[in-house]
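Colleague: Here it is: the structure, laid out below.
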Amino acid sequence: MANTHQTNNELKQAIIDSKLRHIAFIMDGNGRWAQKQNKPREYGHKHGTETFKRVIEHCHDLGIKCVTVYAFSTENWKRPKKEVDSIMKLLETYLDEKYPDEACVKFIGDMTPLSDKLKKKIKKAERETEGRPLRVNIALNYGSRSEITNACNLLIQEGKTFVSEEDISSHLYTSGSPELDLIVRTGGDIRISNFLLWQAAYAEFYFTDTLWPDLTDNDINEAVASFCSRKRRFGGLDTEKSKSSNGVEQ
Ligand code: IPE
Ligand code: IPE
Ligand code: MG
């Protein structure tokens with residue numbers, strides 16, 4: 001078997017060949033991970049933050065250009081106040097720490113209901129990390145339906161009476177990020193939970209039973225290798241070079 005170094009280089013080449021630029025993670029399973037150890041759910045969220053940092057480092061090492069993570073959904077407010085408060089507190093703490101050097105942090109979602117303190121820290125983090133090579137979108141109070149609705153309302157405010165797909169894409173929170181290539185969901189559930197519905201139109205999906213705090217670099221390599229082995233046809237045909245119906249070489 002090839003050593004890890006070789007395997008990593010091969011994987012990096014496969015990533016370049018398959019043009020994998022943007023991975024999104026549904027970071028699920030923190031609560032169950034903690035409960036399995038008879039610990040409160042908050043303990044799982046804390047460990048989940050550590051996984052997040054490792055994942056960012058590893059994705060950067062692999063040459064990925066953009067990572068989007070689902071940190072808190074518009075539906076997660078339904079959870080007990082104690083848990084919600086602890087997640088917000090963790091975010092505050094995270095924002096006080098040093099972010100991974102390579103990360104250009106951008107929060108996506110509706111920040112309106114967040115505390116002023118958190119909003120200030122978010123702005124500061126975005127400002128301080130601007131221009132760094134790896135774009136990291138952190139989805140917070142994020143819901144895809146709300147994001148699309150917000151885009152439509154912005155367009156109405158701009159006076160549009162007719163909109164194109166490009167208009168909608170450019171008014172989503174993810175505007176400026178590369179096209180979404182791969183969604184990885186940990187925690188065993190096979191659903192999208194109101195995440196990146198528009199952006200996922202042609203994304204590949206990878207589901208694993210591994211709980212988020214247990215996710216290793218090797219698990220990410222497996223997800224990425226799976227992506228690289230797939231044929232993305234985007235509605236066309238498999239052939240390497242085929243002519244489309246309008247005669248243009250694809
Ligand atoms: C994901 O883990 C993190 C958030 C939704 C904030 P969960 O908290 O959903 O963990 P499980 O799915 O209950 O194990
Ligand atoms: C999705 O996980 C949201 C985040 C990971 C932040 P949930 O645990 O909230 O999803 P459901 O409720 O199982 O669909
Ligand atoms: Mg969950």
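Colleague: Just to verify a result, which residue in segment 185-204, among those that are part of a helix (DSSP H, G or I) and either of a type in the set (S, T, N, Q) or open to solvent by less than 40 Å² (accessible area, probe 1.4 Å) (or both), is nearest to ligand 3 (Cβ to nearest atom)?
Modeller: The selected residue is Ala200.
Colleague: Count, please, the residues in segment 53-80 that happen to be buried (at least 18 other Cβ atoms within 10 Å of the Cβ) and within 16 Å of ligand 3 (Cβ to nearest atom).
Modeller: Going through segment 53-80 one residue at a time, the tally reaches 6.
Colleague: Would you pick out the residues in segment 29-52 that are over 17 Å from Ala71 (Cα atoms), of a type outside the set (Lys, Arg) and away from ligand 1 (no atom under 11 Å from the Cβ)?
Modeller: Hits for segment 29-52 are Gln37, Asn38, Pro40.
Colleague: Which of the strands (runs of 3 or more DSSP E) found entirely inside segment 1-110 contain at least 1 residues meeting this: small (Gly, Ala, Ser) and farther than 18 Å from Thr129 by Cβ?
Modeller: 22-26, 66-73
Colleague: Would you pick out the residues in segment 128-167 that are β-branched (Val, Ile, Thr) and open to solvent by 20 Å² or more (accessible area, probe 1.4 Å)?
Modeller: Across segment 128-167, the qualifying residues are Ile148, Thr149, Ile156, Thr161, Val163.
Colleague: On the given criteria, is Glu179 among the acidic types (Asp, Glu), open to solvent by 30 Å² or more (accessible area, probe 1.4 Å) and closer than 23 Å to His58 by Cα?
Modeller: Yes.
The values are calculated or read from the model by the stated rules, or taken from the named source; none is laboratory data. Not measured: the values here are computed from a predicted model. Neighbour counts are summed over all protein chains in view; Cβ atoms, including those assigned to glycine, are modelled from backbone coordinates with ideal geometry. Heads up: the accessible areas ignore ligands, DNA and RNA and are worked out on the full protein's heavy atoms, side chains in. Shrake-Rupley method; radii C 1.70, N 1.55, O 1.52, S 1.80 Å.
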